[in-house]
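One structure is given below, encoded as structure tokens.
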Amino acid sequence: MNIVRKLPVGIEDFSKMCTDNFYYIDKTGLIRQLLRYWSQVNLFTRPRRFGKSLNMSMLKTFFEYGCDYRFFDGLEISSEKELCEKYMGQFPVISISFKDIDASDYEGARAALCTIIGNEALRFQFLSDSSQITAHEKLQYSQLIKIDLDNHQKFIISDETLKDSLLTLTSLLKKHYGQKVILLIDEYDVPLDKAHYFGYYDEMVYLIRSLLSRVLKGNDCLQFAVLTGCLRIAKESIFTGLNNFKIYSVTNARFDEYFGFSDKEVREMLEFYGLQQAYSSIKEWYDGYRIGNTDVYCPWDVINYVDLLLSEPQASPQAFWINTSSNDVIRTFLKVAKQSTRREIEQLIDGKSIPKNIRQDLTYRELYENADNLWSVLFTTGYLTMRGKMADDVYHLAIPNLEIRKIFLEQIQEWFQSEARKNTEILSNFCEAFAHADAPAVEAQFNAYLKKTISIRDTAVQKVKKENFYHGILLGLLAYREDWDIRSNAESGDGFSDILIEIEDNGIGIVIEIKYAEDGNLEPQCAAALKQIEDKAYDTILLEDGMTTIIKYGIACWKKKCRVSMQIGKE
């Protein structure tokens with residue numbers, strides 16, 4: 001096993017990848033393609049954690065004056081000799097990222113933008129002494145790096161200066177070097193997302209529109225600009241009046257192989273680290289995305305899991321991507337979904353695809369207006385992917401892999417529990433029915449709950465995973481009783497019981513075992529559940545803890561139906 005190269009977990013700096021000997025999957029072909037097909041303004045939209053920031057750092061490293069040519073030795077772009085001679089290290093580059101503009105109010109967001117612009121301007125302090133620019137232009141530059149030393153060294157930039165800041169920098173750099181400027185803006189849409197969430201959207205749209213339109217529209221000092229983001233915000237909202245403007249979204253074939261890992265790249269990585277045995281798990285969990293005409297894996301997941309396997313060779317796949325976002329879009333989607341939409345979600349969870357009209361030019365105001373728009377958001381942000389195209393803007397959508405399926409299931413359970421808790425009287429009665437050994441009442445109300453949630457029917461899903469879904473639903477309902485001691489998958493007797501409950505004040509212990517009836521025949525599975533409780537003595541720990549009444553429930557589920565059987569006994 002070769003472990004000389006470190007896994008680049010969270011590394012987005014291309015030069016650091018090279019100097020510190022991290023494992024790098026070569027995406028430098030993006031440079032050749034960009035120079036071949038470039039427009040003055042190029043926007044790449046991809047889901048988060050698909051390598052956008054690292055690619056932007058790679059572009060900066062390649063084009064910027066002072067480029068260390070050795071960084072690109074042996075990489076794909078190095079075979080393009082003429083192109084490298086003409087473009088490598090030949091441009092001033094402005095490179096900024098908006099990913100940290102996440103304030104809860106406009107003033108905080110504006111201050112964050114000032115810091116980003118100010119720190120980038122500080123990289124060019126030679127402009128203060130440049131013989132190529134006038135005294136007035138040096139004064140303009142000084143306004144970009146002015147700091148309030150009495151206020152935690154915050155940048156003091158007026159509104160007009162801030163809106164002109166990038167235009168000013170391109171102009172000054174062009175005059176100093178006699179060469180046009182390349183502008184790179186990573187995660188351009190983050191400020192708009194946060195502004196919409198916290199309620200200062202109008203102010204932020206006006207500021208970002210002014211900043212971008214001034215630097216991108218009719219700017220003779222600009223060689224070209226590259227922007228990245230998750231969403232393609234409507235042109236009329238941000239990029240007003242831009243004619244020389246190209247958008248490369250997840251549906252475009254051009255550049256499709258440069259964001260995400262191909263199957264070949266994943267196999268080569270696993271071979272490098274001697275982890276070929278993990279291929280099938282990685283493919284099931286992290287593959288399945290379709291960008292343009294190319295199938296890709298999520299790079300963030302692959303790198304994190306391979307890194308985990310190097311220290312824990314038996315580790316199971318994990319949902320790494322879920323930890324990088326709040327997943328609000330799924331929760332919002334479930335809240336506004338009608339019954340027909342919930343049936344479509346069931347189809348997706350069952351591994352099927354559904355046709356949907358996709359809008360890729362929404363404004364943030366429109367994103368959450370209705371379920372139809374949310375289909376587009378789920379698609380562009382990576383929760384769904386395409387499995388084919390029916391007509392213009394109509395795509396077959398599907399859940400890409402097991403990781404995203406897990407995210408959907410967890411969000412469905414959270415949404416369902418939240419909905420159930422809106423009627424505390426019914427939920428309280430449901431819990432009490434368990435304590436009172438009222439199996440018919442438990443069955444009737446659990447059936448009522450199941451009718452309102454989203455079921456699992458996919459025949460490709462293992463039986464135990466279906467059981468886990470119903471287990472999670474029931475556990476979430478019972479958790480309403482905070483005064484009960486409720487344990488999930490607790491060791492007792494000769495195994496692990498699904499759910500154990502101790503109601504100490506009443507001396508009542510409850511054992512629940514859940515089965516999934518693959519053929520819809522519920523009775524035999526109820527009997528099998530009760531037999532398992534008996535055979536494995538799941539009540540042992542309850543008796544040891546002094547519970548005097550033991551109630552045993554065997555619950556069988558199938559789609560949106562359940563059957564409940566019960567046995568009761570005393571110590």
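The values are calculated or read from the model by the stated rules, or taken from the named source; none is laboratory data. The shown structure was predicted, so the numbers you read here are calculated from the model rather than taken from an experiment. So basically every Cβ, Gly included, is an ideal-geometry build from the backbone, and we count neighbours across all protein chains shown. Just so you know, the surface numbers come from the protein's heavy atoms only, side chains and all, with ligands and any DNA or RNA stripped out. Shrake-Rupley method; radii C 1.70, N 1.55, O 1.52, S 1.80 Å.
Of everything in the range 272-303, what is open to solvent by less than 20 Å² (accessible area, probe 1.4 Å), more than 21 Å from Gly388 (Cβ to Cβ) and not in a helix (DSSP H, G or I)? Give them in sequence order. Result: Tyr273, Leu275. With respect to the conditions (1) in a loop (DSSP other than H, G, I, E, B); (2) open to solvent by less than 30 Å² (accessible area, probe 1.4 Å), Phe416 falls short on a single one, namely (1). Checking each residue in the range 7-41 for being assigned to a strand (DSSP E or B) and closer than 22 Å to Leu310 by Cβ picks out only Phe22.
Scanning the range 171-218 for residues that are touching a residue at least 24 places away in the same chain (Cβ under 8 Å) and over 29 Å from Pro47 (Cα atoms) returns Ser171, Leu172, Leu173, Lys174, Lys175, His176, Tyr177, Gly178, Gln179, Lys180.
With respect to Asp361, determine if the residue is on the phi > 0 side of the Ramachandran plot and charged (D, E, K, R). Considered against the rule, which asks whether it is on the phi > 0 side of the Ramachandran plot and charged (D, E, K, R), Asp361 comes out as no. Taken over the range 1-33, the criterion of being modelled with pLDDT of 95 or more and crowded, with 21+ Cβ neighbours inside 10 Å is satisfied by Phe14, Lys27, Thr28, Leu30, Ile31. If you go through the range 338-371 and keep only what is part of a helix (DSSP H, G or I) and either closer than 17 Å to Pro47 by Cβ or open to solvent by less than 10 Å² (accessible area, probe 1.4 Å) (or both), you end up with Ile345, Glu346, Leu348, Ile349, Tyr364, Leu367. Of Glu85, Glu64, Glu12, all but one fail to be over 30 Å from Ile238 (Cα atoms) and among the charged types (D, E, K, R); the exception is Glu85.
Evaluated against (1) closer than 23 Å to Leu54 by Cβ; (2) at pLDDT below 95; (3) surrounded by fewer than 17 Cβ atoms within 10 Å (Cβ to Cβ), Lys335 falls short on exactly one condition, (1). Taking residues in the range 352-363 that are over 15 Å from Ile247 (Cα atoms), and partners anywhere that are open to solvent by less than 30 Å² (accessible area, probe 1.4 Å) and in a strand (DSSP E or B), the pairs with Cβ atoms closer than 7 Å and at least 6 places apart or on different chains are Ser353/Leu397; Ser353/Ala398; Ile354/Leu397; Lys356/Tyr395; Lys356/Leu397; Ile358/Tyr395.
Every listed requirement among (1) open to solvent by less than 10 Å² (accessible area, probe 1.4 Å); (2) at pLDDT 95 or above; (3) part of a helix (DSSP H, G or I) is met by Ala195 save one, (2). Scanning the range 377-400 for residues that are assigned to a loop (DSSP other than H, G, I, E, B) and open to solvent by less than 10 Å² (accessible area, probe 1.4 Å) returns Gly382, Tyr383, Leu384.
For the range 202-214, check the following and say yes or no: at least one residue is over 24 Å from Met88 (Cβ atoms), in a loop (DSSP other than H, G, I, E, B) and out of contact with any Lys or Arg (no Cβ under 6 Å at 6 or more places or on another chain).
no
For beta carbons closer than 6 Å, sequence separation of 6+ or different chains, a first residue in the range 375-386 that is without any contact (Cβ under 8 Å) to a residue 24 or more places away in the chain and a second that is outside any strand (DSSP E or B) and open to solvent by 10 Å² or more (accessible area, probe 1.4 Å), the qualifying pairs are Ser376/Arg359. Beta carbons closer than 7 Å, at least 6 apart along the sequence or on distinct chains, pair a first residue in the range 78-89 that is farther than 14 Å from Gly29 by Cα with a second that is open to solvent by less than 60 Å² (accessible area, probe 1.4 Å) and not in a helix (DSSP H, G or I) for Gly89/Glu64; Gly89/Cys67. Is it the case, given these coordinates, that Leu374 is among the aliphatic types (A, V, I, L, M), outside any helix (DSSP H, G or I) and either open to solvent by less than 10 Å² (accessible area, probe 1.4 Å) or touching a Cys at 6+ places or on another chain (Cβ under 9 Å) (or both)? Considered against the rule, which asks whether it is among the aliphatic types (A, V, I, L, M), outside any helix (DSSP H, G or I) and either open to solvent by less than 10 Å² (accessible area, probe 1.4 Å) or touching a Cys at 6+ places or on another chain (Cβ under 9 Å) (or both), Leu374 comes out as no.
Residue pairs whose Cβ atoms lie under 8 Å apart, separated by 6 or more positions or on different chains, with the first residue in the range 26-53 and more than 22 Å from Phe261 (Cα to Cα) and the second polar (S, T, N, Q) and outside any strand (DSSP E or B), are Ser39/Asn244; Gln40/Asn244; Val41/Asn244. Applying the criterion of at least 3 residues that are open to solvent by 60 Å² or more (accessible area, probe 1.4 Å) to the helices (runs of 4 or more DSSP H) found wholly in the range 47-163 leaves 81-87, 135-144. So is Leu144 closer than 14 Å to Asp164 by Cα and out of contact with any Leu (no Cβ under 6 Å at 6 or more places or on another chain) or not? Yes; evaluated as a whole, the condition is true for this residue. With respect to (1) open to solvent by less than 20 Å² (accessible area, probe 1.4 Å); (2) touching a Leu at 6+ places or on another chain (Cβ under 9 Å); (3) among the aliphatic types (A, V, I, L, M), the lone exception for Leu450 is condition (2). Looking across Arg267, Arg254, Arg290, Arg232, one residue alone is more than 30 Å from Leu166 (Cα to Cα), of a type outside the set (A, V, I, L, M, F, W, C) and in contact with a strand residue (DSSP E or B) (Cβ under 9 Å, 6 or more places away or on another chain). It is Arg290.
Name every residue in the range 260-290 that is out of contact with any Ser or Thr (no Cβ under 9 Å at 6 or more places or on another chain) and closer than 13 Å to Phe50 by Cα, in order of residue number. Result: Phe261, Tyr286, Asp287. Taken over the range 243-271, the criterion of being assigned to a helix (DSSP H, G or I) and open to solvent by less than 50 Å² (accessible area, probe 1.4 Å) is satisfied by Asp256, Tyr258, Asp263, Glu265, Val266, Met269, Leu270.
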